[in-house]
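Chemist: First, the structure itself, so that you have it in front of you.
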Amino acid sequence: MLKRTCYSDNIKDGEEVVLAGWVHERRDLGGIKFILLRDREGIAQITAPKKKVSEEIFKLMDSLGREWVITVKGNVKSSPQAPGGLEVIPTEIEVISMAEPSLPLDPSEKVDADIDTRLDNRYMDIRKPKVTAIFKIRSEILRAARDYLLSQSFVEIQTPKISASGTEGGTELFPLSYFEREAFLAQSPQLYKQTMMATGMDRVFEMAHYFRAEESNTRRHLSESDAVDIEMSFIENEDDVMHILENLVSYILKCVNENKKKELSLLGIEINVPPTPFRRVKYDEAISLLQEAGFNVHHGEDLGTESEKALGNIIKEKYGDDLYFLTKYPLSTKPFYTNFDGDVARAFDLDYKGIEISSGGQRIHNVEVLKTRIKEKGLPVSSFEAYLKPFRFGMPPHGGFGLGIDRLIMQMLNLENIREGVLFPHDRRRLEP
Ligand code: AMO
C-alpha cells in the first residue's frame, strides 16, 4: 500500500503527494475525469485529463465506486476551480477496499437522513465532514478541560464504575449481578471523589463516565454520558467551587474558538465567550421571573425542562447572558450529601442557553449530619458505611461539581439532540451500535 504523505488540507502546489481516503464523489466530462477524495481533514480534487495520465489510470477512474477506500499518488497543481484552489494529477491509484453500491446513507450530505438512520449507521454518518468536526471539537473540549484543571493544581484520578450503592438518589440505577451480591453501574464518581478529600489529595478531577437508567426518551438524557467531575477541599462555601467552574467553562470556550476555527466555520457556529464571573440568579428570583412570564411554577419544586428553557430565554432577553448559575435551591431538591443553611442548599446549577450543563455545591463533612440527611432522604444508612467511615477520621470542608460534556457540546454547537455530540449514544431504546 502507498504510504500517505499528508492530509488533503496540507497539499502544496508543485509537490508530489500520496493521499489516502474515501471516494466522496465522481464526475466524468469525457476527456477529463474527477474524483473528490475525502479524508479526515477535508476534500481534495483528483483530476485526470485523458492527455496527461496513463491509459490505465484513466480507465480505473471510471470503475471506482462511492465510498471506496483508495490511495492516490500524484502531483499537485494550482487550479482556481478546484476546492482549495489545488488539484492532484494522479500517477498511481490503489484500491484498498470496495463499498457495496447501495449506501445506507449519503456521506456527501446531499440527501438528508433522520437521526435514527444516522445513528444506526454511525460509522458512515461520522464520515460527513460536519459530523467529524463535532468530534474534533469534543476532543478539544476535553484537552482544554484537562489543561485548565492541571494548571489549577488538580490531580487526575479514576474511580470504580461498579459500585455498591447509588449516589444521586435511589432511582435511575442499572443493577448488575456481582458474584453473590447486587451491585450497580456508577451513576457518578460522587462518593469516591468525596472519599479522596479524606486522603489529603485536596483537589482532584476525573474524566468521568455516568450510567443512568433514564426512563424517558428525551433529547438531553442518555443512559451513558461523560462528565468532568471535580472535588476540592478547604473551601469556604460553594462560591469557591463556582469560581473554578466558570473559569473552566470560559477557558474551554476560548480554546475551542481559537483552536477549532475550521470546524466552527464548517458548522456555521460562532461561540460567544462570556466574561467571568457568570451571572448568579437565585432560585427565588428564577421562580418569580417564570411566574411573571405566566408559567405555572411553585416554590419548592425543581425546575422542569420547559421552565428551564423558558428561563434561559428570559435571562437572555433581560441580561443578554447564555451562561448563568442558579443558586440557593431548596434543600429538598438536592441529593443527601449537599450542605445547607436552614432549608436552603449550598448548591448550584450552571445553565447554558436554557439547559442545565452542570451541578455542584458544598458537601456535608460532619458525619452525624450526613447520617441524618441520609435517613431523611429515606435511604438505608447501612449501605453507606464504606462512604461514611472516612468522615470519622479527619475530613476537611469540601465541594465540587459534575460538568456534563455531552450537554456542553450540544449547547455550544446548537445541536438539536444530545445524541449528535456522542459517538455511540445509548438510551432506553438504543443499545447498538
Ligand atoms: P447531576 O446529576 O446534576 O450531578 O449531573 C451532573 C451533570 O451531568 C450531566 N448529566 C447527564 N447528561 C446526559 N444524560 C444524562 N442522563 C445525564 N445525567 C447527568 C448534566 C448534569 O448537569 N454528583 C453530582 C455532581 C456534583 O455535585 O459534583 C451529579 O452527578 O450535564
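Chemist: Using r as the Cβ-Cβ distance of Asn366 and Gln152, and R0 as 30 Å, what FRET efficiency do you calculate, to the nearest 0.05?
Modeler: On the way: r = 27 Å, r/R0 = 0.90.
For R0 = 30 Å, the calculated efficiency reads 0.65.
Chemist: Still on this structure, please answer the following. Relative to the first principal axis of the alpha-carbon coordinates of the chain, what is the inclination of helix 129-151, with its axis defined by its Cα atoms, in degrees from 0 to 90 and to the nearest 10?
Modeler: 40 degrees
Chemist: Now a separate question. With Cβ to Cβ distances under 14 Å as the rule, what net charge do the other residues near Ser233 carry (K, R +1; D, E -1)? Walk me through the numbers before you get to the answer.
Modeler: Working: positive: Lys193, Arg203, Arg363; negative: Asp202, Glu231, Glu236, Glu238, Asp240.
That works out to -2.
Chemist: Okay, next question. Strictly over 28 Å apart at the Cα level, which of Lys328/Lys371; Lys50/Lys260; Lys12/Lys262; Lys3/Lys77; Lys3/Lys130 would you flag in this model? Please list the in-between numbers first.
Modeler: On the way: Lys328/Lys371 22 Å; Lys50/Lys260 39 Å; Lys12/Lys262 18 Å; Lys3/Lys77 20 Å; Lys3/Lys130 26 Å.
Pairs exceeding 28 Å: Lys50/Lys260.
Chemist: How high is the FRET efficiency between Phe174 and His243 when r is their beta carbon distance and R₀ equals 35 Å, given to the nearest 0.05?
Modeler: Working: r = 34 Å, r/R0 = 0.97.
E(calc), rounded to 0.05, equals 0.55.
Chemist: What whole number of Å gives the distance from the Cα centroid of the stretch 105-171 to the Cα centroid of the stretch 360-411?
Modeler: Distance between centres, Cα-based: 27 Å.
Chemist: Still on this structure, please answer the following. Need one number: convex hull volume per residue for the stretch 175-245, Cα atoms only, in Å³. The partial results should precede the final answer.
Modeler: On the way: hull volume 9.3 nm³, N = 71.
Considering the Cα atoms of the stretch 175-245, their hull volume per residue is 131 Å³.
Chemist: Charges on Cβ only, +1 for Lys and Arg, -1 for Asp and Glu, centred on the Cα centroid of the stretch 136-198; of Ser177, Ser163, Pro189, which one is farthest towards the dipole's positive end?
Modeler: Farthest towards the positive pole: Pro189.
Chemist: Quick check of the Kirkwood formula: for the stretch 200-319, what is the inverse mean of 1/r over all pairs of different Cα atoms, in Å?
Modeler: Values: mean 1/r = 0.0563 Å⁻¹.
Kirkwood hydrodynamic radius for the stretch 200-319: 17.8 Å.
Chemist: Using +1 at the Cβ of each Lys and Arg and -1 at the Cβ of each Asp and Glu in the stretch 189-259, identify which of Leu222, Phe234, Ile244 lies farthest towards the dipole's positive end.
Modeler: Farthest along the dipole direction, towards plus: Leu222.
Chemist: Taking the Kirkwood radius as the inverse of the mean 1/r across Cα pairs, report the Rg/Rh of the stretch 186-226. Please list the in-between numbers first.
Modeler: On the way: Rg = 13.3 Å, Rh = 11.8 Å.
For the stretch 186-226, the value is 1.13.
Chemist: Show me, for the stretch 5-17, the HN-Hα J-couplings you get by feeding each phi into the Karplus relation (A = 6.51, B = -1.76, C = 1.60, θ = phi - 60°), rounded to Hz, glycine and proline as x.
Modeler: Per-residue couplings from phi come out as 9, 6, 8, 5, 8, 10, 8, 10, 3, x, 7, 9, 10 Hz.
Chemist: Using only the Cα atoms of the stretch 305-433, what are the Rg and Dmax in Å?
Modeler: In Å, with Rg to one decimal and Dmax whole: 18.0, 50.
Chemist: Something else: Run the 1.4 Å probe and let me know the accessible area of Phe234, rounded to the nearest 10 Å².
Modeler: Surface accessible to solvent at Phe234 totals approximately 150 Å².
Chemist: Follow-up question, since we're still on this one. Starting from the Cα of Lys375, draw a straight line to each of the lysines and keep only those under 22 Å, dropping any in the same chain fewer than 8 residues away.
Modeler: The reachable lysines, counting only those whose Cα sits under 22 Å from Lys375, are Lys193, Lys334, Lys389.
Chemist: Could you let me know the centre-to-centre spacing of the stretch 298-341 and the stretch 5-41, using Cα atoms, in angstrom?
Modeler: With the stretch 298-341 and the stretch 5-41 each reduced to a Cα centre, they are spaced 51 Å.
Chemist: Report, to one decimal in Å, the Kirkwood hydrodynamic radius for the stretch 1-141 based on all distinct Cα pairs. Write out the running numbers ahead of the final one.
Modeler: Details: mean 1/r = 0.0636 Å⁻¹.
For the stretch 1-141, the Kirkwood estimate is 15.7 Å.
Chemist: While we're on this one: Based on the mean of other Cβ atoms within 10 Å per residue, sort peptides 180-187, 127-134 so the most packed one is first. Present the calculation step by step, with values, prior to reporting the outcome.
Modeler: On the way: 180-187: 15.5, 127-134: 18.8.
The densest-packed peptide leads the list: 127-134, 180-187.
Chemist: Then there is this: For the stretch 50-111, what is the charge dipole size about the Cα centre, in debye to the nearest 20, if Lys and Arg each add +1 at the Cβ and Asp and Glu each add -1 at the Cβ?
Modeler: Values: 8 positive and 10 negative charges, 74 e Å.
So the dipole magnitude of the stretch 50-111 works out to roughly 360 debye.
Chemist: Then there is this: Charges at C-beta only: +1 for Lys and Arg, -1 for Asp and Glu. How large is the resulting dipole of the chain about its Cα centre, in Debye rounded to 20? Working shown, then result.
Modeler: Working: 58 positive and 69 negative charges, 196 e Å.
Result for the chain is approximately 940 debye, rounded to the nearest 20.
Chemist: Then there is this: How big is the convex hull of the Cα atoms of the stretch 256-315, per residue, in Å³? Intermediate values should be presented prior to the final figure.
Modeler: Working: hull volume 7.0 nm³, N = 60.
Here the figure is 117 Å³ per residue.
Chemist: Along the charge dipole of the chain, which of Ser151, Leu289, Leu266 sits closest to the positive end, that is, farthest toward it, with unit charges on the beta carbon of Lys, Arg, Asp and Glu (+1, +1, -1, -1)?
Modeler: Of the listed residues, the answer is Leu266.
Chemist: Then there's this: Could you state the orientation-averaged shadow area of the convex hull built on the Cα atoms of the chain, in nm² to one decimal? Could the numbers behind the result be given before it?
Modeler: Working: hull surface 101.7 nm².
Answer in nm², one decimal: 25.4.
Chemist: Still on this structure, I have one more. Where does helix 367-376 land angle-wise versus the long Cα axis of the chain, in degrees 0 to 90, nearest 10?
Modeler: It is inclined by approximately 80 degrees.
Chemist: Moving on to the next point. Along Cα→Cβ, 7 Å out, is where each label goes; now give me the distance between the ones at Glu94 and Leu142 in nm to one decimal.
Modeler: Once both label points are built, they end up 3.1 nm from each other.
Chemist: Please give, to one decimal in nm, the separation of the simple spin-label points placed at Leu29 and Met201, each 7 Å out from Cα toward the Cβ.
Modeler: Label-label distance for Leu29 and Met201, simple model: 6.2 nm.
Chemist: Would you mind getting me the FRET efficiency between Lys50 and Lys12? Use the beta-carbon distance for r and R0 = 25 Å, nearest 0.05. Could the numbers behind the result be given before it?
Modeler: On the way: r = 26 Å, r/R0 = 1.03.
FRET efficiency, Lys50 to Lys12: 0.45.
Chemist: Ok, one more. May I ask for the equivalent-ellipsoid semi-axes of the stretch 93-183, computed as the square root of five times each C-alpha gyration tensor eigenvalue and listed largest first in whole Å? Provide the component values of the computation, followed by the final result.
Modeler: Working: eigenvalues 289, 116, 42 Å².
Each semi-axis is the square root of five times an eigenvalue, giving 38, 24, 15 Å.
Chemist: Taking the Cβ of Arg4 as the centre, find all other residues whose Cβ is under 12 Å away and add up their charges (Lys, Arg: +1; Asp, Glu: -1).
Modeler: 0
The values are calculated or read from the model by the stated rules, or taken from the named source; none is laboratory data. Given the structure is predicted, the values throughout are model-derived calculations rather than measurements. Backbone-built Cβ (ideal geometry, glycine too); neighbour counts: all protein chains shown. Side chains are part of the model used for accessible areas, which takes the heavy atoms of the whole protein and leaves out ligands, DNA and RNA. Shrake-Rupley method; radii C 1.70, N 1.55, O 1.52, S 1.80 Å.
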